[in-house]
Structures are given as C-alpha cells and as structure tokens.
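Trainee: Would you mind keeping the following structure in view while I ask a few things?
Please treat every number below as a calculation from the coordinates, not as lab data. Not measured: the values here are computed from a predicted model. FYI the Cβ positions are ideal-geometry reconstructions off the backbone, even for glycines, and counts take in every protein chain you see.
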Amino acid sequence: MSKFFSDKYKNLIPYVPGEQPKIGKIVKLNTNESPFPPSKTAIKIASEKAESLNLYSDPELSELTALTAKTLDVKKEQVIMTNGSDEILNFLFMAYCDEKTPAIFPNISYGFYKVFAEINNLPYKEIPLREDFSVAVDDYINENGTVFIANPNAPTGIYLPLNEIERLVSSNPNRIVVIDEAYIDFGGESAVKLLDKYDNLVVTQTFSKSRSMAGARLGFGVASKEIISDLMSIKYSTNPYNVNSMTAGAGIGALTDDEYFKQNCKKIIENREWTKNRLNELGFETLPSKANFLFAKNDKISGKTLYEKLKERGVLVRHFDKERIKEYNRITIGSHEQMQIFIDSVKSILES
Ligand code: PMP
C-alpha cells in the first residue's frame, strides 16, 4: 500500500475471485462458468460490432435493453443493463443504503456484498443462515434496511421458493429487497413475475452463467421504472458506456438463440443430478442445489485436503476457509466428460 492511499480504503479487504489459471490442461470447476461456448449468434454479432470499436458504445443500449425486456415480459423502462451483475449490485448498494439504511444479507452468501458495503462505507448486518444453511425469511421481516438475497444462494446452491420471496418483499413495502438471481436459470422460478405487484423489489440477473458469457461482463437489473431511473442516474454518474459494443452485440445474439440457452441449462441440470448421485454414493453430503454448482463434504476427508488433492490431479474446485463451511467444497457443474473426470479423481483420492 502506498502512503497516499486514502484512509477510507486502508482497511478494505477486496473480494477474492476464484483462480483463473493460465497454463495446462485443467478441469476448471471453480468459478461457476459455463462449460459451453457462447452461442454462435452471440459470437457473430460481437465480431461484427468489433468493426466499429472506434466509436463509443450506445449509452442507452436501446436494442439490448428492449430485447432483454421482451424476454422477461416487462417494459424496457424497467431494465438497466450493466457490466456484469456485479455492477448493478454495486449501484444498488450506492443507491439504497446509507447511514440510516444498512445493507442486510445472510452471513453465508456472495462474498462481494460485504465488499460493496465496505467500499461504499455503508453499515451492514449479516444474518446467520439456519442450521441447514437455508435462509430464514422470518429473521428479515423486522429488519430495517436494504435486503440482499442471492436466490439460489451461493455457495450453498439452496433455493428459496417464490412464496417465501414474496413473504419477504410484501412484509415491508417501505424497504428495498434485492433478489440476486445469478443462478436462477438452473431450476428456480424468477421473482421477475412479482414486479407487477411490488414496487420495492429489484431482481438482478447475469449472462455469465446460463448464457456462457462470463468473459463478456453483462448483467442487468429489473424493477419499477422509478427505481431504474435512480439506477440510471448512478450509471450516468460513474460510467455511461458501461457495456461495450461487442458485449452488447453478444448479448443480443445470446437472447436471440433461446433454444441453445435452454438446451445448455437442461444439460447442466442433468449433469448436476448425475454428479450429486455419484457424490452421495461416495459418502458425500450434498446440499440441495438449484444452481450450476454443488456444495459437498465428506467426513472421510477434510474440505481443504480434498481441494488440494484435486488440484494436484488438475481438477480445480472452490474451497472457502470460513469456519462453518470449511469442510465443504463448491463444485461447478461442467460437461459430462468433466464431471466424469472429477468423480474419477475423487474416487482415487478416497481410495489412496
Ligand atoms: N451474484 C452471485 C451470487 C454470484 O455468484 C456472482 C458471480 N461471482 C455474481 C452475482 C456476479 O456475476 P457477474 O458479475 O459475472 O454477473
């Protein structure tokens, strides 16, 4: 740290992304990416857009926003496109939390929530998950602040049914509830359909997982048009060209190629259930997942040892050194071939 770094950032602990190894042939199951390439239409439109990179991207992202809105069956004034869903989440912390309105989120959830609160110098409260790692909606009902819930949650994969989300949103119309649906396409039901009824609800989603575009950085928020107008003010005050032209083009292509998207989600769900069954046969305990990953532990081997031994065999999963979850590993669901290699590696580790 230089001596010039502002005091306000001196204690900042940045978010630690999963490893992105540069070399070798590894089975990469550590950052919840899709094993499938982006849709061909996405690649085609992105390359066409590369021809005009001398020009700034469209700050209004008109075509992409309209197509996203159409896909979700909402009005285009209800959508804001962002640089990954991380950007919309940061905007939401900036827009709807302050000294009087803390951010409230589960103590085991997406690690970035805490970092967004810290970097924006905002108060926050973490609410423990239940013993079975599910979110207890009752614990949030009387909390005053802006609530952030990942659904399905990460790194557990546990999904909160829509009636529980509705109970949370309807319990207090005077506070914002953000539902982070980064993993919703792998078996959950989106809260977007509740937007007609509740003007205190914000839903965020991403193209990084189910639409195979993690490297393009594209996400979005959906809410009332008044909330979107607040968020647009933040966007135009930080980075008006927040989504680059190639990414916007890829997004349009991905949304157009709906069949490919559906097929890929179906394959991931099948591979998840297959992997879960194999892990259970090997004595693992797996949490019920509606995401593109499994959270699993085995009493015969510590979470850290399994992570390390898998890494030695060229299989990368994610391990979190946090007290309550340190015996678990989070395993991204890849192609069937990748999951077979993963299971074979686990077997050989347990037998050695
Ligand atoms: N929310 C959750 C729960 C996540 O796990 C992630 C991915 N790390 C994100 C949001 C952000 O994803 P992206 O910025 O790639 O859209």
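Trainee: For the chain, what are the DSSP H helices with axial Cα length of 30 Å or more and mean Kyte-Doolittle hydropathy of at least -0.5? Don't skip to the end; give the middle numbers.
Mentor: Details: long enough: 258-281 (35 Å, -1.85).
Span-like helices in the chain: none at all.
Trainee: State which entries of LYS209/LYS235; LYS75/LYS197; LYS235/LYS262 exceed 21 angstrom in Cα-Cα distance in the structure shown.
Mentor: LYS209/LYS235; LYS235/LYS262
Trainee: Which residue fluctuates the most in the chain, going by a Gaussian network model with Cα springs under 10 Å, if the choices are LEU294, LEU218, LEU160?
Mentor: With Cα springs under 10 Å in the chain, the top fluctuation among LEU294, LEU218, LEU160 is at LEU160.
Trainee: Taking other Cβ within 10 Å of each residue's Cβ, how do MET1, MET339 sort, fewest first?
Mentor: MET1, MET339
Trainee: Could you state the number of Å between the C-alpha centres of the range 226-246 and the range 62-102?
Mentor: That distance is 9 Å.
Trainee: How big is the C-alpha Rg of the range 1-100 next to the rule-of-thumb value 2.2 N^0.38 Å, as a ratio?
Mentor: Taking the Cα Rg and dividing by 2.2 N^0.38 Å, one obtains 1.51.
Trainee: From the helices alone, meaning DSSP H stretches of at least four residues, give me the mean residue ellipticity at 222 nm for the chain, per-run term -39500 (n - 2.57), in deg cm²/dmol to the nearest 500.
Mentor: On the way: 11 runs with 133 residues, N = 352.
After summing the helix terms and dividing by residue count, I get -12000 deg cm²/dmol.
Trainee: Could you state the number of Å between the C-alpha centres of the range 277-295 and the range 334-351?
Mentor: 13 Å
Trainee: Assuming 0.36 nm per residue, please report the length gained on full extension of the stretch TRP274 to ARG324 beyond their Cα-Cα distance.
Mentor: Length gained, TRP274 through ARG324: 15.4 nm.
Trainee: OK, next. So for the range 182-224, averaging the separation of alpha carbon pairs under 8 Å that are six or more residues apart and normalising by length, what relative contact order in percent results?
Mentor: Details: 52 pairs, mean separation 17.3, N = 43.
It comes to 40 percent, rounded to a whole number.
Trainee: Here's a follow-up. Enter the mean projected area of the convex hull around the alpha-carbon atoms of the chain, in nm², rounded to one decimal.
Mentor: Averaged projected hull area, Cα only: 18.8 nm².
Trainee: Please compare each pair in LYS28/LYS309; LYS76/LYS193; LYS125/LYS322; LYS70/LYS290; LYS22/LYS297; LYS276/LYS304 to a cut-off of 22 Å on the Cα-Cα distance and tell me which ones are over it.
Mentor: Flagged as over cut-off: LYS70/LYS290; LYS22/LYS297.
Trainee: Could you work out the relative contact order of the chain, using alpha carbon pairs under 8 angstrom and six or more residues apart, expressed as a whole percent?
Mentor: That works out to 24 percent.
Trainee: Specify the residue with the greatest mean-square fluctuation among LYS193, LYS25, LYS326, computed from a Gaussian network of the chain linking alpha-carbon atoms under 10 Å apart.
Mentor: Answer for the Gaussian network model of the chain: LYS25.
Trainee: Is the shape of the range 118-197 rounded, prolate or oblate, going by the alpha carbon gyration tensor and its root eigenvalues a ≥ b ≥ c, with a/c under 1.5 for rounded and a/b larger than b/c for prolate? Please report the intermediate quantities before stating the final value.
Mentor: On the way: a/c = 1.41, a/b = 1.15, b/c = 1.23.
Here the range 118-197 falls in the rounded category.
Trainee: Then there's this: Of the residues PRO37, PRO21, PRO161, which exhibits the maximal mean-square fluctuation in a Gaussian network model of the chain defined by a 10 Å Cα contact cut-off?
Mentor: With Cα springs under 10 Å in the chain, the top fluctuation among PRO37, PRO21, PRO161 is at PRO21.
Trainee: May I ask you to sort CYS265, CYS97 by Cβ crowding, counting other Cβ atoms within 10 Å and putting the fewest first?
Mentor: Result, fewest neighbours first: CYS265, CYS97.
Trainee: Also, quick follow-up: For the range 187-200, just list the computed ³J(HN,Hα) in residue order, Karplus coefficients 6.51, -1.76 and 1.60, θ = phi - 60°, integers in Hz, with x standing in for Gly and Pro.
Mentor: Whole-Hz 3J(HN,Hα) from phi for the range 187-200: x, x, 10, 6, 7, 3, 5, 8, 5, 4, 8, 10, 9, 9.
Trainee: Let me ask something else about it. If we count other beta carbons within 10 Å of each Cβ, what is the order of VAL202, VAL79, VAL135, fewest first?
Mentor: Exposure proxy ranking, most exposed first: VAL79, VAL135, VAL202.
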